[in-house]
Amino acid sequence: MGKAVGVKLIDEYGRRHDGRLPDQMRPVRMRINVLENADGSALVEYGRTRILAAVYGPREPVQKFMALPDRALLRVRYHMAPFSTEERKSPAPSRREIELSKVIREAFEDIILVKYFPRTAIDIFLEVLQADGGTRTAAVTAASLALANAGIPMKALVAGVAVGKIEGQLVLDVDEIEDGSGEADMPVAYAPDIEKITLFQLNGVLTREELEKGLDMALSAIRELVELEKRTLKEEYVSTEEV
Amino acid sequence: MAQRTIVTPGDKLPGDVEAKEPYVVEINGVKVATTIGLLDTSGEKPVYIPLQSIYVPKKGDVVIGLVQSVGVVNWTLDINSPYNGVLPASDFLGRPYNPATDDLSQYLQVGDYVKVKIVAFDRTRNPLLTVQDKGLGKIVDGKILEVQPSKIPRIIGKKRSMLEMLKKETGCEIFVAVNGRIHVKCPDEDRETILILAIKMIERQAHTTGLTARVQGYIEELKKVKGVE
C-alpha cells in the first residue's frame with residue numbers, strides 16, 4: 001500500500017528485497033479442477049498472490065437482452081475478496097475492479113472462438129483471494145487455465161506478468177512492496193502460440209529502450225508460464241493413465 | 001505402438017489432420033488445436049480427438065432433455081447444451097391444444113426427463129424438439145447418468161463394442177444420447193451400481209488405450225465382490 005520507508009529494494013549484490021534476481025519470477029503454482037460446480041476452474045499463485053478462477057458456459061445469458069446475434073457474450077468479473085488485502089477492502093466493485101474486468105475481458109475477446117456459440121454467454125469469475133501485487137496478470141493466467149479446463153475453444157493459451165522499474169532497474173513480476181515504491185509498472189499478457197499481445201498497460205515512466213527491454217523480459221517469462229499451463233493441463237490426464 | 005499425444009489449446013497440428021471445427025481451426029494457414037485433445041498418429045492420417053467438448057444441437061439427434069420450465073404453450077428443456085430446447089404442447093400431446101382448458105404441468109413437470117428428437121436448429125432460434133417418433137417420450141423408470149459429451153463415442157466404442165459389452169455383462173438396458181446423458185434400466189440395484197461404476201471408469205480413462213478389456217475385467221471383479229451372476 002504505502003511507500004516502504006527505509007527499505008532498500010535492491011541490495012548491493014543486485015538482489016531484491018525477497019532475495020530474487022531482477023529477472024526472476026516469484027514461485028508459481030497452478031492447479032485446475034478446484035471447483036465442482038464450475039465448468040472449468042483454476043487456482044494460480046504468483047508468490048503470495050493467489051487467484052481463483054471459475055468459468056461457466058457457453059450458456060443462456062441470464063439477461064436475455066444481452067445476447068449477441070453473431071457471437072457469444074463474454075463477461076468477466078474481477079473481484080478482490082474483502083480479506084485479500086492488509087486493510088479490509090469493501091466488497092463492492094470499485095472503479096479499479098471495473099476497469100480490470102474490462103481489460104481482462106479484452107485480453108480474451110480475440111482468443112476465445114466466440115463466433116461458434118452465438119446468443120450464448122461465457123462467464124469468467126476471477127476472485128483475488130490474496131493480493132500481493134500482480135493480481136491482474138495472475139488473473140489472466142488463471143482465466144486462461146480455467147477456460148481450457150472448461151473445454152471452451154480458444155486460439156491459444158494466454159499468460160500475464162508485470163515488469164516494473166525500481167531504483168532505476170527493470171525487474172520482473174513486481175510484488176506489492178516493489179509496486180508501491182517503484183517508478184513504473186507494466187503489466188503484459190501474451191499468447192505465445194499466436195504471437196499476440198492481448199493486454200498491455202503502463203503506469204509510470206519508462207524510456208523507449210527500457211520499454212523494449214522490459215517487454216522482452218515479460219514475453220520470455222510468459223513463454224515459460226504458458227509451458228507450465230500446458231503441463232498443468234496435461235498432468236490432469238496423465239495422472240489417470242494407469243489406475 | 002499407439003502414437004497418442006495430448007495436445008493443449010494453441011498447439012500446432014499436422015496440416016492433413018482429421019478434425020472438426022471448432023476443435024481445430026486454421027490460423028495463418030496452420031492448423032491449431034483449440035481444446036485439450038488427443039492427437040492419434042497411428043493410422044494413415046493423423047486424427048484429433050477432443051477430450052472436452054460442448055454439445056451443439058444437430059437436426060435429427062436423439063437427446064435426453066430435462067424439463068426446466070413449463071410454459072403456456074410449450075416446455076423448455078435443458079438438453080445439456082448452450083441452447084435450451086423447445087417442446088411444443090401440441091407435439092407432445094399429439095392433438096390440437098387449447099391453453100384455456102389444458103394445464104401443461106399435468107403432463108410434464110419441472111425435473112422430468114424426456115427423450116426427444118431435434119427437428120430444427122439453425123443458431124438463430126432455440127432448437128425445436130419432438131416426441132413423435134418410436135421410443136421417444138417421457139422417461140418413467142431407470143436412472144439418468146450424466147457424462148461429458150466428448151466421452152460419448154468412447155462409451156459406445158468402435159462398432160458399438162463397448163456398449164454391447166456393457167449390456168451383455170450387466171444385463172441392463174442402456175440408451176446413450178449424444179448430449180452426454182445415459183438412460184439405464186437394470187434388473188436389480190447391484191447391477192445398476194456396477195454399470196454406473198463402469199461408465200464412470202470409462203469417462204475417467206477415455207483417453208487411454210485397451211479400455212474395453214480393462215472395463216470388462218473391472219466389471220467381472222465387481223460382480224464377484226457383489227456376488228452377482
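Nothing in this text is a laboratory measurement; each read-out follows from the coordinates by a stated rule. Note that this is a predicted model, so its numbers are computed, not measured. Please note: Cβ atoms are built from the backbone with ideal geometry, for glycine as well, and neighbour counts cover all protein chains shown.
Just a few scattered comments:
- Cα-based Rg / Dmax (Å) for segment A:30-159: 14.2, 44
- Only the Cβ atoms of Lys and Arg (+1) and of Asp and Glu (-1) were treated as charged; on that basis the dipole of chain B about its Cα centre amounts to roughly 420 debye.
- Legend: Rg and Dmax of chain B, from Cα coordinates, 20.3, 66 Å.
- Where the alpha-carbon atoms of chain A are placed on the principal axes, they occupy 56, 45, 35 Å, in descending order.
- Each Lys and Arg Cβ is given +1 and each Asp and Glu Cβ -1; about its Cα centre, segment A:1-102 then shows a dipole of about 160 debye.
- The helix-based estimate of mean residue ellipticity at 222 nm for chain B, built from -39,500 (n - 2.57) per DSSP H run of four or more residues and divided by its residue count, is -7000 deg cm²/dmol to the nearest 500.
- Positive-end residue, the protein assembly as shown charge dipole about Cα centroid, Cβ charges, pick of B:N28, B:G43, A:G134: B:G43
- All other residues whose Cβ lies under 13 angstrom from that of B:A177 are scored, Lys and Arg at +1 and Asp and Glu at -1, for a net of +2.
- Binned Cα-Cα distance frequencies in segment A:106-152 - 5 Å width, integer %: 5, 17, 29, 24, 13, 8, 3, 1
- Summing Lys and Arg as +1 and Asp and Glu as -1 over all other residues whose Cβ lies under 14 Å from the Cβ of A:E99 gives a net charge of +4.
- The Rg/Rh ratio of the protein assembly as shown, with Rg taken over Cα atoms and Rh as the Kirkwood radius over Cα pairs, comes to 1.04.
- The phi-based Karplus calculation (6.51 cos²θ - 1.76 cosθ + 1.60; θ = phi - 60°) puts the 3J(HN,Hα) values of segment A:55-68 at 10, 10, x, x, 9, 5, x, 4, 9, 5, 5, 7, 4, 9 Hz, whole numbers, x for Gly and Pro.
- Tally of Lys pairs whose C-alpha atoms are under 24 Å apart, taken over segment A:28-242, 8 or more apart or cross-chain: 16
- Peptide-level mean, for A:222-233, of C-beta atoms on other protein chains within 10 Å: 2
- Other residues whose C-beta falls under 15 angstrom from the C-beta of B:K31 contribute a net charge of -3, scoring Lys and Arg +1 and Asp and Glu -1.
- Scanning chain B for long hydrophobic helices, with DSSP H runs required to stretch 15 angstrom or more by C-alpha along their axis and to average at least 0.0 on the Kyte-Doolittle scale, returns B:189-204.
- The packing ranking, built from the mean of other Cβ atoms within 10 Å per residue, places the peptides B:213-220, B:24-31 in the order B:213-220, B:24-31, highest first.
- Qualifying GluC sites (Glu not before Pro) in segment A:142-243, DSSP loop, other Cβ atoms within 10 Å at most 14: A:E167, A:E195, A:E241, A:E242
- Close amide H pairs (under 5 Å, H built 1.01 Å from N) link A:T198 with A:A189, A:Y190, A:A191, residues at least 5 positions away or on another chain.
- Calculated SAXS-style log₁₀ I(q)/I(0) at q = 0.25 Å⁻¹ - segment B:52-117, Debye, Cα scatterers: -1.10
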